[in-house]
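Undergrad: If you scroll down you'll find the structure; I have some questions about it.
The values are calculated or read from the model by the stated rules, or taken from the named source; none is laboratory data. Since we're looking at a predicted model, the values are computed, not measured. Cβ placement follows ideal geometry from the backbone for every residue including glycine, while neighbour counts extend to all protein chains displayed. To get the accessible areas, we keep the full protein, side chains included, count just its heavy atoms, and leave off ligands, DNA and RNA. Shrake-Rupley method; radii C 1.70, N 1.55, O 1.52, S 1.80 Å.
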Amino acid sequence: MHLSAQSLAFGYRHDASVLSDVSFEYRSPGSLCVLGANGAGKSTLLQCLMGMLEPTAGRVLIDGREARTLPARQLARKVAYIPQSHAPSFAYRVIDVVAMGRTAHLGYFGSPGAADRTRAQDSLDFLGIGDLAAKPYTEVSGGERQLVMIAAALTQQPDTLILDEPTAHLDFGNQYRFIRLMERLRDEGMGVVMTTHAPDHALMLAGPTAVLADGRLQAVGPADEVVTEEAMSLLYGIDVAVRQVGRRTLCVAGGVD
């Protein structure tokens with residue numbers, strides 16, 4: 001899938017812009033990490049890409065066609081969007097929530113059949129949460145809920161996952177496991193576009209990274225070229241040191257004497 005953002009701008013009021021002249025290209029498979037501090041406009045950017053918000057200027061193309069003109073089912077076969085948080089309303093079983101990912105592949109009045117439920121269970125097993133299948137979705141933890149949403153997205157069989165700060169509610173260990181999962185999906189041919197406020201996540205993915213600040217792209221390029229001490233210090237307003245620790249490159253807040 002080829003995603004092209006061309007001179008995007010957006011504002012909730014005519015006199016207050018959230019995004020200004022944002023342009024970039026992405027092709028799946030592969031990963032793109034959109035890095036920025038809180039309030040940089042990351043969530044707004046993803047919602048513009050998905051057609052949930054209409055840009056005040058510019059356009060979004062998916063495989064050469066304006067995204068907003070794509071029928072919902074066709075768009076769902078290309079991208080799956082996972083928001084930053086999701087509050088469950090009904091106590092559906094986890095397996096039923098995941099099977100809903102098959103909607104784009106069913107008839108208008110169809111419902112998931114045995115093959116769809118098998119695919120849903122396979123997605124849960126792939127993520128290591130197959131034992132949650134029979135649990136009510138309202139009773140799983142926030143971290144498990146995030147994995148259930150990813151399982152539903154995988155069951156949808158899109159070209160690309162688009163995730164809005166997917167590690168925001170995860171503890172340190174689960175953040176690490178999650179980024180490794182994104183690497184695994186990418187390496188197996190899935191496209192991954194995700195936002196994050198943590199530069200270490202971009203360094204772990206080690207792919208193309210876009211730095212967003214005050215609604216504008218400050219840099220786009222390989223993670224090790226854009227995640228620099230100077231750039232991160234400006235982005236977060238603190239001293240930042242970038243150091244090699246074993247086989248990993250890390251950002252250290254406060255700098256290093």
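Undergrad: For the structure I just gave you, tell me whether ALA219 is in the same structural domain as LEU132 (by the TED database) and open to solvent by 30 Å² or more (accessible area, probe 1.4 Å).
TA: Details: in the same structural domain as LEU132 (by the TED database): yes; open to solvent by 30 Å² or more (accessible area, probe 1.4 Å): yes.
The answer is yes for ALA219.
Undergrad: Just for region 8-37: of the residues that are polar (S, T, N, Q), part of a strand (DSSP E or B) and within 27 Å of ASP159 (Cβ to Cβ), which one is nearest to the chain's Cα centre (by Cα)?
TA: So in region 8-37, the residues polar (S, T, N, Q) come out as 17, 20, 23, 28, 31.
Narrowing further to those that are part of a strand (DSSP E or B): 20, 23, 31.
Then keep just the ones that are within 27 Å of ASP159 (Cβ to Cβ); that gives 23, 31.
Details: SER23: 18, SER31: 10 Å.
This residue is SER31.
Undergrad: I'm told ALA168 meets every condition in (1) within 17 Å of GLN146 (Cα to Cα); (2) not in a loop (DSSP other than H, G, I, E, B) except one. Can you identify the failing condition by its number?
TA: Going through (1) within 17 Å of GLN146 (Cα to Cα); (2) not in a loop (DSSP other than H, G, I, E, B) one by one, ALA168 breaks only (2).
Undergrad: Further question: Tell me, which residue of region 139-154 that is open to solvent by 30 Å² or more (accessible area, probe 1.4 Å) and assigned to a helix (DSSP H, G or I) is modelled with the lowest pLDDT? Quick ask: steps written out before the conclusion?
TA: Step one: filter region 139-154 for residues open to solvent by 30 Å² or more (accessible area, probe 1.4 Å), giving 139, 141-142, 144-145, 147, 149.
Narrowing further to those that are assigned to a helix (DSSP H, G or I): 139, 142, 144-145, 147, 149.
Numbers: GLU139: 89, GLY142: 81, GLU144: 86, ARG145: 87, LEU147: 88, MET149: 89.
Ranking the candidates gives GLY142 first.
Undergrad: Right, here's the next one. So which pairs qualify, if the first residue must be in region 199-212 and among the acidic types (Asp, Glu), the second must be surrounded by fewer than 24 Cβ atoms within 10 Å (Cβ to Cβ), the Cβ gap must be under 6 Å, and the two must be at least 6 apart or on different chains?
TA: ASP200/LEU250; ASP200/CYS251
Undergrad: Considering only region 38-56, I want to know if a residue exists there that is open to solvent by 40 Å² or more (accessible area, probe 1.4 Å), part of a loop (DSSP other than H, G, I, E, B), of a type in the set (Ser, Thr, Tyr) and modelled with pLDDT under 95.
TA: The first filter runs over region 38-56 and keeps only residues open to solvent by 40 Å² or more (accessible area, probe 1.4 Å), leaving 38-39, 47, 51-52, 54, 56.
Adding the requirement that they be part of a loop (DSSP other than H, G, I, E, B) leaves 38-39, 51-52, 54, 56.
When the remaining residues are screened for being of a type in the set (Ser, Thr, Tyr), the result is 56.
Within this subset, residues satisfying the condition of being modelled with pLDDT under 95 are 56.
Yes, region 38-56 contains a residue that is open to solvent by 40 Å² or more (accessible area, probe 1.4 Å), part of a loop (DSSP other than H, G, I, E, B), of a type in the set (Ser, Thr, Tyr) and modelled with pLDDT under 95.
Undergrad: Listed residues ARG93, ARG27; which is within 26 Å of ARG145 (Cα to Cα), at pLDDT 90 or above and surrounded by fewer than 16 Cβ atoms within 10 Å (Cβ to Cβ)?
TA: Values: ARG27 fails: within 26 Å of ARG145 (Cα to Cα).
Every option except ARG93 fails the conditions.
Undergrad: Only one of ARG216, ARG243 is touching a Leu at 6+ places or on another chain (Cβ under 9 Å) and more than 30 Å from ASP21 (Cα to Cα). Can you tell me which? Walk me through it before giving the result.
TA: Working: ARG216 fails: more than 30 Å from ASP21 (Cα to Cα).
On inspection, the qualifying residue turns out to be ARG243.
Undergrad: Being open to solvent by less than 20 Å² (accessible area, probe 1.4 Å), in contact (Cβ under 8 Å) with a residue 12 or more places away in the chain and on the phi < 0 side of the Ramachandran plot is true for just one of THR195, THR228. Which residue is that? Can you show your working first?
TA: Values: THR228 fails: open to solvent by less than 20 Å² (accessible area, probe 1.4 Å).
Being open to solvent by less than 20 Å² (accessible area, probe 1.4 Å), in contact (Cβ under 8 Å) with a residue 12 or more places away in the chain and on the phi < 0 side of the Ramachandran plot holds for just one of THR195, THR228, which is THR195.
Undergrad: Further question: Select from region 155-189 the residues that are touching a residue at least 60 places away in the same chain (Cβ under 8 Å), among the hydrophobic types (A, V, I, L, M, F, W, C) and open to solvent by less than 30 Å² (accessible area, probe 1.4 Å) and list them in ascending order.
TA: Of everything in region 155-189, those that are touching a residue at least 60 places away in the same chain (Cβ under 8 Å), among the hydrophobic types (A, V, I, L, M, F, W, C) and open to solvent by less than 30 Å² (accessible area, probe 1.4 Å) turn out to be LEU161, ILE162, LEU163, MET182.
Undergrad: Right, another one. Which of the residues spanning region 66-78 are open to solvent by 30 Å² or more (accessible area, probe 1.4 Å) and either within 15 Å of THR160 (Cβ to Cβ) or assigned to a loop (DSSP other than H, G, I, E, B) (or both)? Before you say what the answer is, go through the steps one by one.
TA: Step one: list which residues in region 66-78 are open to solvent by 30 Å² or more (accessible area, probe 1.4 Å), which gives 66, 68-69, 71-74, 77-78.
If the condition is that a residue be open to solvent by 30 Å² or more (accessible area, probe 1.4 Å) and either within 15 Å of THR160 (Cβ to Cβ) or assigned to a loop (DSSP other than H, G, I, E, B) (or both), then PRO71, GLN74, ARG77, LYS78 are the ones that fit.
Undergrad: Hey, another quick one. Identify, from the list ALA241, ALA210, the residue that is open to solvent by less than 20 Å² (accessible area, probe 1.4 Å), of a type outside the set (Asp, Glu), in a strand (DSSP E or B) and not assigned by the TED database to the domain that holds ILE179. Step through it out loud before you land on a result.
TA: Values: ALA210 fails: not assigned by the TED database to the domain that holds ILE179.
Going through ALA241, ALA210 in turn, the sole match is ALA241.
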